[in-house]
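Only one structure is covered here, and it is reproduced in the block below.
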Amino acid sequence: MNYITVTELRTKSSKLIKSLLKGEDFSLIYRSKVVGRIKPIQNEEKLIVSDKIVPYLAKISPKKHKKPESRAKIYKQHLNEKYGKSVS
């Protein structure tokens, strides 16, 4: 296990990042005491989707996002239909 001091965190951060990407972990030293451990994160596994679910997912997801102006227009039209034109 490698050791790194708090000062070296500031001065050798690029070296630390390269080492973390290689999978190495470090003990953090502050005032001659080990106060923590720095270790690389584990890669998250991607979600595997079966072919049976794909058509249903396509139906659920929106085709395109609407702009706020068009959403406001649609909402105003809905209010007019529901409550009449007296709503401002």
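The values are calculated or read from the model by the stated rules, or taken from the named source; none is laboratory data. As the structure is a prediction and not an experimental result, all values here were calculated from the model. Counting neighbours? That spans all protein chains shown, and the Cβs are built from the backbone with ideal geometry, glycine included.
Which residue is modelled with the lowest pLDDT, if the candidates are limited to the range 16-51 and must be of a type outside the set (Gly, Ala, Ser) and farther than 30 Å from Thr5 by Cα?
Within the range 16-51, the subset of a type outside the set (Gly, Ala, Ser) is 16-18, 20-22, 24-26, 28-31, 33-35, 37-49, 51.
Cutting the leftovers down to farther than 30 Å from Thr5 by Cα gives us 45-49, 51.
Details: Glu45: 71, Lys46: 74, Leu47: 75, Ile48: 77, Val49: 76, Asp51: 83.
Looking at residues that are of a type outside the set (Gly, Ala, Ser) and farther than 30 Å from Thr5 by Cα, I get Glu45.
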Identify all residues within the range 41-61 that are under 30 Å from Leu20 (Cα atoms) and either basic (Lys, Arg) or surrounded by 10 or more Cβ atoms within 10 Å (Cβ to Cβ) (or both); write none if there are none. Lys46
I'm told Glu24 meets every condition in (1) in the same structural domain as Thr7 (by TED's automatic domain parsing); (2) surrounded by fewer than 10 Cβ atoms within 10 Å (Cβ to Cβ); (3) part of a loop (DSSP other than H, G, I, E, B) except one. Can you identify the failing condition by its number? (2)
Flag for Val54 being β-branched (Val, Ile, Thr) and at pLDDT 80 or above: yes
Inside the range 4-21, can you point out the residues that are loosely packed, with under 15 Cβ neighbours inside 10 Å and either touching a Ser or Thr at 6+ places or on another chain (Cβ under 8 Å) or more than 21 Å from Lys33 (Cβ to Cβ) (or both)? Ser13, Ser14, Lys15, Ile17, Lys18, Leu21
